[in-house]
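Beneath this line is the structure, given in structure tokens, with notes to follow.
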Amino acid sequence: MAQNGDSKILSGLKAIVIGAGLAGLAASIELARLGAKVKIFESSRDLKKQGDVIRFEANASRAMEPWGDVLETVVRSSSPLDKLIISNKDGRTLLEQPLQTEFDGYPNTYAKRGHIHQTLLDYATKLGVDVILASPVTAVFESDTGAGVRVRGDTFVADCVLAGDGVRSQARAYVTGTVERPKKSGYAIYRTWFPLDVLHGDSVVEHIATSKAGICKDLSDIDEDWNTPASVEDMLASANGWDPVLQHIVKHIPGDSLVDHKMLWRDPVQKWVSPKGRICLIGDAAHPHLPTSGTGAAQAFEGAATIGALLQRSIEVYGGPVDTRLAFQAYEKLRWV
């Protein structure tokens, strides 16, 4: 990560970021805090607090440390779990594994994705990042002196473009010259997030309503979609005969808060930087992860910190304007192992 949080060494840099997800916001924060002028184009009309629980290990916490009060805000609303209990379908404990709640002074924690996203968005905006919604990028391009995007028929140009447009990235096709198709992983999960208050009054699950812990259950062509509505009745049928605690939780899930998430796999691409070194893939656009890995957000944060440090270093070592080609190629070499 960039070591000097007060430095404005990138004040001469203009950057476009595609996507206001966790990767795009993290990269924008790293560049903006070093003085760069950053503009984000996001296809969604509004940034709802979507998602359930995601895991942040110490590497993600360390990357967030220079970001004002972001880390403190995240930790305040998170749950540092000290053990993992794996049970069979009858509720019998198969494994109880201790978990580290911190490493080298940085917390390992679990938090609501929507809250993390809003915290990053607020901080990026505070730094002066211009977030433009309802603006899907339809094309990317570059020259020897800059790069840009096309949005709703308009053209926007900057010194570089960071593509954080996720697993269905259009920029990836430009960078790699190929179109990656998703592959079936063979797994699907039901995902939900709802207030614990709905569990109060049910003696079977009352202990969960008062606990900062989590319970999860893993369960033709399919679409790559994270928002396909699911039926509580279908989930109950899938869990027929399982632990009564799980079944009681499922019965309390609000009908509009359950998602049927078919997990599709994409291989990480080996080329993250465009031919002229002005366009760079970040986050899931470069290295997609299944949610079961529990490390997608952390990898995106590490990547953002790496890019910020290397852009800064290119000026410190060689002087003159920032060398995006050198910095981005070094980022690819350091992060692709």
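The values are calculated or read from the model by the stated rules, or taken from the named source; none is laboratory data. The structure displayed is predicted, hence computed values, not measured ones. Please note: Cβ atoms are built from the backbone with ideal geometry, for glycine as well, and neighbour counts cover all protein chains shown.
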Quiz item: Hey, does the range 78-96 have a residue that's in contact with a strand residue (DSSP E or B) (Cβ under 9 Å, 6 or more places away or on another chain), crowded, with 16+ Cβ neighbours inside 10 Å, within 30 Å of residue 275 (Cα to Cα) and not charged (D, E, K, R)?
Solution: no
Self-check item: Only listed residue being closer than 18 Å to residue 309 by Cβ, buried (at least 17 other Cβ atoms within 10 Å of the Cβ), modelled with pLDDT of 95 or more and hydrophobic (A, V, I, L, M, F, W, C), chosen from 40, 29
Solution: 29
Quiz item: Pick from 44, 87, 11: which is in contact with a Leu (Cβ under 7 Å, 6 or more places away or on another chain) and more than 27 Å from residue 248 (Cα to Cα)?
Solution: 44
Quiz item: Which of the residues belonging to the range 284-335 are closer than 20 Å to residue 14 by Cα and of a type in the set (Gly, Ala, Ser)?
Solution: 303, 304, 305, 308, 309, 314, 319, 320, 327, 330
Quiz prompt | Qualifying residue in the range 257-268 (condition: modelled with pLDDT of 85 or more and not in a loop (DSSP other than H, G, I, E, B)) | solution = no
Quiz item: Does residue 116 satisfy the criteria of being crowded, with 19+ Cβ neighbours inside 10 Å and at pLDDT below 90?
Solution: no
Quiz item: Right, residue 277: part of a loop (DSSP other than H, G, I, E, B) and modelled with pLDDT of 70 or more or not?
Solution: yes
Quiz item: Does the range 56-92 hold any residues that are in a strand (DSSP E or B) and not basic (Lys, Arg), and which are they?
Solution: 56, 79, 84, 85, 86, 87
